[in-house]
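S.K.: Could you have a look at this structure, given as structure tokens, before my questions?
The values are calculated or read from the model by the stated rules, or taken from the named source; none is laboratory data. Computed from a predicted model, the values in this text were never measured in an experiment. All Cβ positions, glycine included, derive from the backbone under ideal geometry; neighbour counts span all protein chains shown. Side chains are part of the model used for accessible areas, which takes the heavy atoms of the whole protein and leaves out ligands, DNA and RNA. Shrake-Rupley method; radii C 1.70, N 1.55, O 1.52, S 1.80 Å.
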Amino acid sequence: MSINKLRQSWTKHRQLQKPWQDHTYIAIDIETTGLDPINDQILSIAWVPIKPPMILIGEAQYHEFCVDPDVDLQQSPTIHGLTKAQLSSGGDVKKVLKDLEDKLYGCVMVCHHRSLDWSYLRDNRLTENLHFEPLGVFDTLSFEKNKMSFDNEFQLHNSSLTLAACRTRHGLPIYTSHHAMDDAIACAELFLAQATKIKPHNEKLRFLLKQSR
């Protein structure tokens, strides 16, 4: 291992040992044409920074992207409401993803369903020349699933793990689903609700991330 790699590894180790509240988090939501991160297309993305206990709404970003006229949106417009007409004047997806790459460096990514959002950032053809290097990824869905399995007081099924269902259990209000900006903010609020219930209050980031694997 090179000296630079060793330094990066040691720096990350030290960061993970700090209290979770000392870090910046980026809550992300991505709307796509389907569930295949390799072949499907990113239609919109939103993110909002979190500096516990605050969600920095003023720094949130939302972007829609142009799609090729030949791209089949399949049934996705019935979920997220994005049509080809709306997306015809979308932004430069590669530039936006590069900006996100810079934002995530040294921060913690937060999402609801890591195997989808994180996979789109790692495996999509649009991100093949990018290197997303957050300190870690906190999955609000996995956190909730682990907690429910441990508590044994809830019947675990897919409908109980939607973003809306998880928010309801934490006493959070219902938002419109499947708009990237609404879902990113909803995910940020859910993250804070989940994290602040972990004891002791100043638990290390390493421990927090472990709860959402």
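S.K.: Carbon and sulfur: what percent of segment 103-213's accessible surface (1.4 Å probe)?
M.R.: Looking at segment 103-213 in its full context, I get 52 percent from C and S.
S.K.: Mind checking which lysines have their Cα closer than 29 Å to the Cα of LYS12? Skip sequence neighbours fewer than 8 apart in that chain.
M.R.: By straight Cα distance, LYS12 reaches LYS51, LYS94, LYS95, LYS98, LYS103, LYS145, LYS147, LYS197, LYS199, LYS204, LYS210.
S.K.: Counting only heavy atoms of the protein chains, get the accessible area per residue of segment 90-213 (1.4 Å probe) and round it to a whole Å² value.
M.R.: Spelled out: the 1.4 Å probe surface of segment 90-213, per residue, equals 52 Å².
S.K.: Further question on the same structure: According to a simple spin-label model (label point 7 Å from Cα along Cα-to-Cβ), what is the distance in nm between ILE3 and TYR105?
M.R.: Distance between the two pseudo-spin positions: 2.0 nm.
S.K.: Work out, step by step, the length gained on full extension between THR24 and ASN146: first 0.36 nm times the residue separation, then minus their alpha carbon distance; give nm to one decimal.
M.R.: Full-extension gain reported as 41.6 nm.
S.K.: Between MET54 and HIS13, what length in nm is gained on full extension when 0.36 nm per residue of separation is reduced by their alpha carbon distance?
M.R.: Using 0.36 nm per residue and subtracting the Cα-Cα distance, I get 12.3 nm.
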